[in-house]
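Have a look at the structure below before the remarks.
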């Protein structure tokens, strides 16, 4: 039971809201990072498939985990990651956490409150940051700031795709208590434009997500590896710009994304300022303008 092409979304690492194993990262880490990404993308595509029965999704996720742990070789993404991790003497824990998030995607379609959503992020997003920190040999004291950044990135994505997730998968990450407090309903997510109550809810969640980003602002300064610190700075800047857009725009009525040009300009600005600050002994990254 391999993951056939018709189950794949076609989305790759270049389609994400943040760089994945970009040229900024040292070449010695890229093969492992891409192996991790491809494994995770495979699991995500299984969980997000619109017509695959739930039990078959769970069976396929179980098979990915079984082969990641060394039993079988029919899943190339699992076999490749297994070998890459073994080469670096790294455990598969972070990848397993992500598989548990994908299982939740299959079995849990609603989140009651912010705490439940953050718990989901602890499986779906925080392990990605922790994996990257482990790859670079960073101290685990960096995990707290990384967890905040990764949760914010995940919730940004939830808000960007809230309409699509509901219409295609009946999956709602917007906390039910936040909808109720704003006088909104789940069914409003099915429209082509947010009613005022739903827009109020989504904008308030974006503002709450911005607080997570502030909680993680120390990360780029805590990271010792200069190249990785620069990549973290770029990711933080992208997230800050996106959350500012989410605070004022309607994700049901338009795509709330950065253009390739905006991403390039932001990245170059962060790299230039980050290199200067590192060269002059200033490890933290300045806060960029986050206007649209």
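Where does each of 28, 214 land when they are ranked from fewest to most other beta-carbon atoms within 10 angstrom?
Working: 28 9, 214 12.
The order, fewest Cβ neighbours first, is 28, 214.
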Square roots of five times the Cα gyration tensor eigenvalues for region 56-154, Å: 24, 21, 7
222 nm mean residue ellipticity, helices alone, for the chain (DSSP H n ≥ 4; -39,500 (n - 2.57); rounded to 500): -20000 deg cm²/dmol
FRET efficiency for residue 115 and residue 272, using Cβ-Cβ distance with R0 set to 30 Å, rounded to 0.05: 0.15
Length released on extending from residue 168 to residue 83, taking residue separation times 0.36 nm less the Cα-Cα span: 27.1 nm
Residue order, fewest to most surrounding Cβ atoms within 10 angstrom, among 165, 225: 225, 165
Ranked list, fewest to most other Cβ atoms within 10 Å of each Cβ, for 242, 118: 118, 242
For the chain: relative contact order, % (alpha-carbon pairs under 8 angstrom, 6 or more apart): 17 percent
Relative contact order (%) - criterion: Cα under 8 Å, at least six apart; region: region 146-224: 40 percent
Efficiency of FRET between residue 62 and residue 217 - r from beta-carbon atoms, R0 22 angstrom, step 0.05: 0.05
Cα-only Debye scattering, the chain: base-10 log of I(q)/I(0) at q = 0.09, 0.10, 0.11 Å⁻¹: -0.44, -0.54, -0.66
Inverse of mean 1/r across different Cα pairs in region 23-107, Kirkwood, Å: 13.2 Å
Length-normalised contact order of region 109-280 in % [C-alpha pairs under 8 Å, at least 6 apart]: 25 percent
Euclidean distance between Cα centres, region 119-160 to region 208-263, Å: 13 Å
Taking all pairs of distinct alpha-carbon atoms in region 109-280, Kirkwood radius in angstrom: 16.8 Å
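Taken together, the values in this text are just the output of simple stated rules run on the coordinates, not laboratory data. Nothing here was measured: the structure is a model prediction, and the numbers come from that model. Every residue, glycine among them, receives a Cβ derived from its backbone with ideal geometry; neighbour counts consider all protein chains shown.
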